[in-house]
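Chemist: Take this structure first; my questions come after.
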Amino acid sequence: MQPSNNIRVGCVYVAGQTERSPKLLAADIIPNNWPREHYQPRAKPGSNISFGFYTNIINLGLYAIFYAIGIAIASKLNLGIKINHTQTIYLVAVILAMVQLLRGKLPVFNLIASTMLPILAVLSLNMVIKDFKLDRSYGYPLVAAGILVIVAVQFSLYGLFLKLVIR
């Protein structure tokens, strides 16, 4: 049998807790000059979504839009959130989006901390912005439900958006 330069066969041994799928293995390419150039596995597709230079601006805008939708829903459902002016929704949404963007830059936060930080931000914005009030006369459970609606809508819509973009 004569050797051919067109056929490349490679065996990659993967150890540890990694995902093994034919689609992922087929995406890896062994270099043409393999003995001289070492094989390096590529990153998993979709594992780190990036929009280049505009990543932070796009994320800030998405966070703000989705927080604004959550605030509007919680306000319309009378979940203990009183808003006097429409622009207050956008002001609070942009501030919450900035908090969310800063939280994303700190790797020490886990899921619980990333949920608690926007809740604490909403509670502190209640004291800072006069047109945004948490009406405790409705009762604490209803106000807490309103805050959780804001955070849940933002997390859900952002996750749905990422799922649509990655596909």
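The values are calculated or read from the model by the stated rules, or taken from the named source; none is laboratory data. All values reported here derive from a predicted model rather than from experimental measurement. Positions of Cβ are backbone-derived with ideal geometry, glycine not excepted, and every protein chain shown enters the neighbour counts. What goes into the accessible areas is simple: the full protein's heavy atoms, side chains included, and nothing from ligands, DNA or RNA. Shrake-Rupley method; radii C 1.70, N 1.55, O 1.52, S 1.80 Å.
Chemist: Just one of Thr115, Thr88 is hydroxyl-bearing (Ser, Thr, Tyr), touching a residue at least 24 places away in the same chain (Cβ under 8 Å), out of contact with any strand residue (DSSP E or B) (no Cβ under 7 Å at 6 or more places or on another chain) and on the phi < 0 side of the Ramachandran plot; which is it?
Modeler: Of the residues listed, the single one that is hydroxyl-bearing (Ser, Thr, Tyr), touching a residue at least 24 places away in the same chain (Cβ under 8 Å), out of contact with any strand residue (DSSP E or B) (no Cβ under 7 Å at 6 or more places or on another chain) and on the phi < 0 side of the Ramachandran plot is Thr115.
Chemist: Scan the stretch 92-105 and tell me whether some residue there is in contact with a strand residue (DSSP E or B) (Cβ under 6 Å, 6 or more places away or on another chain) and part of a helix (DSSP H, G or I).
Modeler: yes
Chemist: Considering only residues that are open to solvent by 80 Å² or more (accessible area, probe 1.4 Å) and aliphatic (A, V, I, L, M), which ones fall in the stretch 108-142?
Modeler: Result: Val108, Leu111, Ile112, Met116, Leu120, Met127, Val128.
Chemist: Shifting gears a bit: Just name the residue that is nearest to Val151 (Cα to Cα) out of those in the stretch 84-103 that are over 14 Å from the mean Cα position of the chain (by Cα) and open to solvent by less than 40 Å² (accessible area, probe 1.4 Å).
Modeler: Within the stretch 84-103, the match that is nearest to Val151 (Cα to Cα) is Ala93.
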